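Participant: Dumping the structure here so I can ask a few things about it.
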Amino acid sequence: MATHQVSREVVITVDDLKKAFGQNEVLKGITTSIHRGEVVCVIGPSGSGKSTFLRCLNLLEQPTSGKVVVDGVEVTDPDCDIDKVRADMGMVFQQFNLFPHLSVLDNCTIAQVTVRKSNKAEAEKRARSNLERVGLLDKEAAFPGQLSGGQQQRVAIARALSMEPKLMLFDEPTSALDPELVGDVLSVMRKLASEGMTMFVVTHEMAFARDVADRVIFMDGGYIVEEGHPDEVIGNPQHQRTRAFLDRVLNPTSVGQIGGEDEAYAERHQSEPEADGDGDISTLSPGQPGQIGRST
Amino acid sequence: MSTVTADPSSKPRLSPRKRAQRMRWAQYAVLGIVTILAISMANWSQIQSVFFRGDMIHETLTQGLPNAFKNTIVYTLGAFVFGLVLGTMLALMRLSSVGPYRWIATTYIEFFRGLPAIVVFIAFGLLPLAFNGLVIPFDPYGTVWIALGLVGAAYMAETIRAGIQAVPKGQVEAARSLGMPTGTATRKIVLPQAFRIITPPLTNELILLVKDSSLVYILGLSAQGFELTKYGRAIANTNANLTPLVIAGFCYLLITLPLSMVVRRMEARQKKER
């Protein structure tokens, strides 16, 4: 697995994770691990199970079977104190989910006070320093409803950071934003990555995944199809399904894709996945960045 | 096919707007005639002596109206607080994942919503007789608060449940993802938002309670415990005159109309925020 300047210490281990909603099996056996300081981006078509995968990591979805170990604690063990694990695991949602009845500052302090039992002054100090990190210190007295989507998402990041988490989960953090507001949120995330935060990001921002990720996971149909360094997975994908997906995302308006999309879809839902997606990747040369266009 | 409208050369038909206008004028005319007839045929001096007799107004105002007014408010507020606490508990039980809690709450709510409030009051009036030596604290207030609150709680529980369910699921997820246990998430995140949503319907419950507080006459209270209806009725009965009841009625409106105005304003504000 190609990772650079990432510690070998494993933070999350996922072993044969499966999740079904009734008859609908969304995750069909996910095995991977995340190292300390690593930035992992998960890409893939909608319905491929990426968000469900992320939500299984902090048990917002209860996995049907399989094992998830976070920092040595098996969260899938029924006797695990999940609240304690979650407190060390920041999460950022697509819809921000700020608490609308609390001010920006209180959004960032409430969990510190109720969960960490920090005193108010300490909590506010930490909240302010994190609001400064996301560039919104001047908004501490505002309420979420008074902020733009991009500002709300940055507050949500500050809220998660105020718990001083060991790692951060991002569930499509820019998908609900107007295009011109995406940049602010992404630059906060870039900064966070450069400071060494362990990040697990489900995203559609290919440029972000290519530039920031240490590893990209391509998921489709409930499996990990391909994973590796972004230059490999995005720059030089090995699997037909990865190629078809990237083609659609990177050249959304190109002619001749109309039939191709249906074919790729049909293929995706017929064939079984390859047993292991990353073994053959490591031998490949990095792809040409010139191929990559902006997704928006 | 020839219809009435077929021939364009005949008398021009009225446009729909003109027709609607004429209809409205006709309605105004009928309304005006009825009003004039009612006024001219009514026996004004009799109406005045039955509903607005001067000496009766004076007697009602001076004999203990402030006390009755106070009692109505105290009965209502106490029952509202009691009902709110019990109703919140019931709402949470109704949404609980624990089966027996849900069943208990559902049974309670259906029972007290299906029962006429007056039956509950009659039962409460008889309780001290049925259970010898039973003492309800703060008598008579305690009895009224519990009886009125028990019924009110059933209605409020449904309102509160709707409010809790109106809080987006993402709010709970965000709270839990920060490490908050279920109870903390409910108390700090869900309930504050739910109560903000249901303040207008809860105020309506309060208005209903103000009116339902008139049912306590059935409990057989001492004169000190009379609320507006019982007080007005007592004087009306002894004098065979309706004036005291009219005044009691005005007092209720004095409480309920401002409350409805507040509700309307809150609803308008919520609509704007959305």
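Participant: Do the sum for the protein assembly as shown: with -39,500 (n - 2.57) for every DSSP H run of n ≥ 4, divided by all residues, what is the mean residue ellipticity at 222 nm, to the nearest 500 deg cm²/dmol? Walk me through the intermediate numbers first.
Facilitator: Working: 22 runs with 312 residues, N = 570.
-17500 deg cm²/dmol, from helical runs alone.
Participant: Here's a follow-up. For the pairs B:K70/B:K271; A:K117/A:K191; A:K125/B:K272; A:K18/A:K125, flag any whose C-alpha to C-alpha distance is greater than 31 Å. List each step's numbers first, then the result.
Facilitator: On the way: B:K70/B:K271 35 Å; A:K117/A:K191 29 Å; A:K125/B:K272 35 Å; A:K18/A:K125 41 Å.
Result: B:K70/B:K271; A:K125/B:K272; A:K18/A:K125 exceed 31 Å.
Participant: Of B:L86, B:S177, B:G220, whose Cα points farthest to the positive end of the dipole of region B:67-220 (charges on the beta-carbon: +1 Lys, Arg; -1 Asp, Glu; origin at the Cα centre)?
Facilitator: Toward the positive end, the furthest listed residue is B:S177.
Participant: On to the next question. Are there residues in region B:146-184 whose accessible area shrinks by at least 40 Å² when all protein chains are included rather than the chain by itself, and which are they (probe 1.4 Å, ligands and nucleic acids not counted)?
Facilitator: SASA drop of 40 Å² or more in region B:146-184: B:Q171, B:E173, B:A174, B:R176, B:S177, B:L178, B:G179, B:M180.
Participant: What's the average, rounded to a whole number, of partner chain beta-carbon atoms within 10 Å of each residue's beta-carbon in A:91-103?
Facilitator: Numbers: counts 5, 2, 4, 1, 5, 2, 10, 3, 8, 8, 8, 4, 0.
So the per-residue partner count for this stretch is 5.
Participant: Give, ordered by residue number, each residue of region A:107-128 whose 1.4 Å probe accessible area is reduced by a minimum of 20 Å² on adding the remaining protein chains to the chain alone.
Facilitator: A:I110, A:A111, A:T114, A:V115
Participant: With the Cα gyration tensor of region B:67-220 in hand, give its eigenvalues times 5 under a square root as the equivalent ellipsoid semi-axes, listed largest first in whole angstrom. Each step should come with its number before you reach the end.
Facilitator: On the way: eigenvalues 211, 58, 34 Å².
Semi-axes (√(5λ), whole Å): 32, 17, 13.
Participant: Once Rh is set to the Kirkwood radius over Cα pairs, what Stokes-Einstein translational diffusion coefficient, in µm²/s, holds for region A:1-129 at a temperature of 10 °C and a viscosity of 1.306 mPa s? Display every interim value, and only then the final one.
Facilitator: On the way: Rh = 16.7 Å.
D, rounded to a whole number, is 95 µm²/s.
Participant: Over all directions, what mean area does the Cα convex hull of region B:171-274 project, stated in square nanometres? Walk me through the intermediate numbers first.
Facilitator: Working: hull surface 39.1 nm².
About 9.8 nm², averaged over all directions.
Participant: Can you give the translational diffusion coefficient of chain B in µm²/s, computed by Stokes-Einstein from the Kirkwood radius over Cα pairs at 20 °C and 1.002 mPa s? Numbers along the way, then the final one.
Facilitator: Numbers: Rh = 23.2 Å.
Estimated diffusion coefficient is 92 µm²/s.
Participant: Taking the Cα centre of each part, how many Å lie between region A:154-192 and region B:205-264?
Facilitator: Taking the Cα centre of region B:205-264 as reference, the centre of region A:154-192 is 58 Å away.
Participant: Rounded to whole Å and sorted largest first, list the principal axis extents of the Cα atoms in region B:1-141.
Facilitator: The principal-axis extents, from largest down, are 91, 60, 24 Å.
Participant: While we're on this one: Take the Cα pairs of the protein assembly as shown, get the Kirkwood Rh, then feed it into Stokes-Einstein at 10 °C and 1.306 mPa s and tell me D in µm²/s.
Facilitator: On the way: Rh = 29.6 Å.
Approximately 54 µm²/s, per Stokes-Einstein.
Participant: Next question, about the same structure. Compute the FRET efficiency between B:M41 and B:Y101 as 1/(1 + (r/R0)^6), taking r as their Cβ-Cβ distance and R0 = 60 Å, and round to the nearest 0.05. Mind showing how you got there, number by number?
Facilitator: Working: r = 62 Å, r/R0 = 1.04.
Calculated transfer efficiency: 0.45.
Participant: Right, next: Enter the accessible area per residue of chain B (Å², integer; probe 1.4 Å; all protein chains in place). Show your work: numbers first, answer last.
Facilitator: Numbers: 16440 Å² over 274 residues.
With the other protein chains kept in place, chain B gives 60 Å² per residue.
Participant: Only four residue types carry charge here, +1 at the Cβ of Lys and Arg and -1 at the Cβ of Asp and Glu. Report the dipole size of region B:1-151 about the Cα centre in Debye, rounded to the nearest 20. Mind dumping the intermediate values first?
Facilitator: Working: 12 positive and 5 negative charges, 246 e Å.
The calculation lands at about 1180 debye.
Participant: Something else now. Leaving out ligands, DNA and RNA, calculate the buried accessible area for the pair B and A with a 1.4 Å probe, summed over both sides, in Å² to the nearest 100. Mind dumping the intermediate values first?
Facilitator: On the way: alone 17290 and 13580 Å², together 29230 Å².
Buried area between the two chains comes out at roughly 1600 Å².
Participant: Within 10 Å, count the other beta carbons around each residue, average over each peptide in B:92-99, B:232-239, B:155-162, and list them highest first.
Facilitator: Going by the mean number of other Cβ atoms within 10 Å, highest first, we get B:155-162, B:232-239, B:92-99.
Participant: Express as a percent, rounded to the nearest 5, the fraction of DSSP beta bridges in the protein assembly as shown (both residues included) that run antiparallel. Before the final figure, lay out each step's value.
Facilitator: Details: 21 of 38 bridges.
Around 55 percent of the beta bridges assigned by DSSP in the protein assembly as shown are antiparallel ones.
Participant: I would also like to ask the following. Taking the Cα centre of chain B as origin, sum charge times position over the Cβ atoms of Lys and Arg (+1) and Asp and Glu (-1), and report the length of that vector in debye to the nearest 20.
Facilitator: On the way: 27 positive and 12 negative charges, 322 e Å.
I would put it at about 1540 debye.
The values are calculated or read from the model by the stated rules, or taken from the named source; none is laboratory data. This structure is a prediction, so every number in the text was calculated from the model and none was measured. Positions of Cβ are backbone-derived with ideal geometry, glycine not excepted, and every protein chain shown enters the neighbour counts. These accessible areas exclude ligands, DNA and RNA; they are computed on the full protein's heavy atoms, side chains included. Shrake-Rupley method; radii C 1.70, N 1.55, O 1.52, S 1.80 Å.
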